[in-house]
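Have a look at the structure below before the remarks.
The values are calculated or read from the model by the stated rules, or taken from the named source; none is laboratory data. Just so we're clear, the structure is a prediction, and the values are computed from it rather than from any experiment. Here the Cβ is made from the backbone with ideal geometry for all residues, glycine too, and neighbour counts use every protein chain on show. Heavy atoms of the whole protein, side chains included, go into the accessibility calculation; ligands, DNA and RNA do not. Shrake-Rupley method; radii C 1.70, N 1.55, O 1.52, S 1.80 Å.
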Amino acid sequence: MPSKENLAILKKALILTKNKIGKTYPNPVVGCILTDKNNKILSHGVTNIGGRPHAEIIAINKLKNKDDVENLYVTLEPCCHFGKTPPCIDEILKLQNLKNVFICTKDPNAKINGASIDILKKNNINVYEGFFKDDAIRLNQGFFSTQLINRPMISVKIATTLDGKIACANGESKWITNEESRQFVHKIRSQYDCILTTSKTILYDNPMLNVRHPRIAKIQPTRIIIDRNLNLLRNIEKLNLYTTANQQRTIILTLQEVDNISIENIAFIKLQSGNLECIFDAIKNLGITKVLVESGGEFITQLLIDNLIDKLYWFHSSSIIGNDGIAAINNLKCEKIDQLYNFKLENLKRFDDDILKILINEKNFSKIACYF
Ligand SMILES: NC(=O)c1ccc[n+]([C@@H]2O[C@H](COP(=O)([O-])OP(=O)(O)OC[C@H]3O[C@@H](n4cnc5c(N)ncnc54)[C@H](OP(=O)(O)O)[C@@H]3O)[C@@H](O)[C@H]2O)c1
């Protein structure tokens, strides 16, 4: 069994990944630490931006003397197949004095899924696997989701008044929440591969959907807009989306023919159908593993009904609009209490008079975690 010290180092490997969350897609973000016989840390690595090199290779390449390594700590099982990089396991096996490998969780990729653990064991290396498993799966929930349930992880950000409205009756929603809350949204966005919204919200709010925060790396999430009828084309020059398209990957998903559309820095993808399955399939095919939805209530309600919300960031201001405001969620036809849609409160933050509730869909998470 791993000692307390071993587990503390494995936990450290998880913490190392913090600043790279949302920046390694389509690959997972992984942390790796190498120690000597006294468990002194010799080097560490985290998956690089864009997913390559992998954490283990970064840590190994930083070593002064490879023969000093006795323990390897890694948050996800190393790879053993040729992808865009050679298998990490080959480099790990070159560490001649390696005795123990500590792993949070197996890699769900069908090409790995325990195969690297078997290789290590066959090479007489002790493998300890399955520690901080839920943390490790949550860290890469998008990657696990695409591998195991064939869709990206879907999170939703909503900002409402105390009485659950997202906008006034005329559609005006700037600003329901305060400056501090809105600054925090940039931190949330920075952890996602893509921000998804609808053409309707773009036309109402003309948002930038980018990360504007002084202390966050300038890696912008992809912006994806569902515009089934290409309503945005009429006045696209006036949209922030268009004027900033050279700074951020921007994609419009539509049901219309796109062959003859050419707008600099904006890509158009024709969907086979406008349903949610098809939309998220197209997004997954772009290599995206984590989606943050920032739309109005109509789209969010559809996601809720189809049980496609894995995580909710719900900001509450301390103001009240009244029943003539636009609701965050439309009718759900819950006739009995046991038909309500339930989430689990994961975290709570206060920004002056605003409150942010971070909620998770436990049922959806267990669909992924149950594989291991
Ligand atoms: N406070 C907040 O957090 C916040 C955030 C965003 C927006 N807003 C406000 O929300 C308001 C807009 O909300 P809304 O409810 O009217 O609109 P919305 O949910 O943003 O967008 C509705 C549109 O989404 C598309 N859509 C809906 N269901 C779909 C499905 N199942 N599959 C594919 N596409 C689907 C349809 O457009 P197409 O048929 O044209 O594709 C539909 O017209 C605005 O006033 C905006 O300011 C507030």
Where a residue in region 227-250 is open to solvent by 10 Å² or more (accessible area, probe 1.4 Å) and its partner, wherever it lies, is away from the ligand (no atom under 16 Å from the Cβ) and small (Gly, Ala, Ser), with Cβ under 9 Å and at least six apart: Arg249/Ala267
Members of region 292-315 found to be away from the ligand (no atom under 11 Å from the Cβ) and touching a Leu at 6+ places or on another chain (Cβ under 6 Å), listed by number: Ile309, Leu312
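Per-residue answers, yes or no, for (1) open to solvent by less than 30 Å² (accessible area, probe 1.4 Å); (2) more than 22 Å from Lys84 (Cα to Cα); (3) modelled with pLDDT under 95; (4) not in a loop (DSSP other than H, G, I, E, B):
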site	(1), (2), (3), (4)
Val101	yes, yes, no, yes
Cys104	yes, yes, no, yes
Ala110	no, no, yes, no
Asn113	no, no, yes, no
Ser116	yes, no, no, yes
Ile119	no, no, no, yes
Val127	yes, yes, no, yes
Asp135	no, yes, no, yes
Arg138	no, yes, no, yes
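Out of curiosity, is Leu209 within 12 Å of the ligand (Cβ to nearest atom) and either on the phi > 0 side of the Ramachandran plot or part of a helix (DSSP H, G or I) (or both)?
On the way: within 12 Å of the ligand (Cβ to nearest atom): yes; either on the phi > 0 side of the Ramachandran plot or part of a helix (DSSP H, G or I) (or both): yes.
Judged against the criteria, Leu209 is a match.
Considering only region 341-372, state which residues are of a type in the set (Phe, Trp, Tyr), closer than 23 Å to Thr146 by Cα and open to solvent by 80 Å² or more (accessible area, probe 1.4 Å). Spell out the reasoning first.
First, pick out the residues of region 341-372 that are of a type in the set (Phe, Trp, Tyr): 341, 343, 351, 365, 371-372.
Subsequent filtering for residues that are closer than 23 Å to Thr146 by Cα retains 343, 365, 371-372.
Matches in region 341-372: Tyr371 only.
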Within region 19-36, take every residue that is part of a loop (DSSP other than H, G, I, E, B) and more than 20 Å from Ile188 (Cβ to Cβ) and give me the one that is most open to solvent (accessible area, probe 1.4 Å). Pro26
Leading residue by the ranking (farthest from Ile309 (Cα to Cα)) among those in region 140-177 that are open to solvent by less than 10 Å² (accessible area, probe 1.4 Å) and near the ligand (Cβ under 8 Å from one of its atoms): Gly171
Criterion violated by Ile219 - all others in (1) assigned to a loop (DSSP other than H, G, I, E, B); (2) touching a residue at least 40 places away in the same chain (Cβ under 8 Å); (3) open to solvent by 20 Å² or more (accessible area, probe 1.4 Å); (4) within 13 Å of the ligand (Cβ to nearest atom) satisfied: (4)
Among the residues that make up region 16-39, is at least one of them touching a Phe, Trp or Tyr at 6+ places or on another chain (Cβ under 8 Å) and among the polar types (S, T, N, Q)? yes
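I need the full set of residues from region 178-204 which are within 8 Å of the ligand (Cβ to nearest atom) and either touching a Phe, Trp or Tyr at 6+ places or on another chain (Cβ under 7 Å) or open to solvent by 40 Å² or more (accessible area, probe 1.4 Å) (or both), in order please. Break it down into steps so the answer makes sense when it comes.
Keep residues of region 178-204 that are within 8 Å of the ligand (Cβ to nearest atom), which gives 197-201, 204.
Listed by number, the residues that qualify are Thr198, Lys200, Tyr204.
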Here are some conditions: (1) within 13 Å of the ligand (Cβ to nearest atom); (2) open to solvent by less than 20 Å² (accessible area, probe 1.4 Å). Cys278 meets all but one. Which one does it not meet? (2)
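With the condition kept exactly as written, say whether any residue in region 46-57 is closer than 30 Å to Ile283 by Cβ, part of a strand (DSSP E or B), among the β-branched types (Val, Ile, Thr) and free of Cβ contacts under 8 Å to residues at least 40 places away in the same chain.
Yes: region 46-57 contains one or more residues that are closer than 30 Å to Ile283 by Cβ, part of a strand (DSSP E or B), among the β-branched types (Val, Ile, Thr) and free of Cβ contacts under 8 Å to residues at least 40 places away in the same chain.
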How many residues of region 173-204 are among the polar types (S, T, N, Q) and not in a helix (DSSP H, G or I)? The answer is 6
Quick count over region 281-340, residues being open to solvent by less than 30 Å² (accessible area, probe 1.4 Å), under 21 Å from Trp175 (Cβ atoms) and part of a loop (DSSP other than H, G, I, E, B), is 7
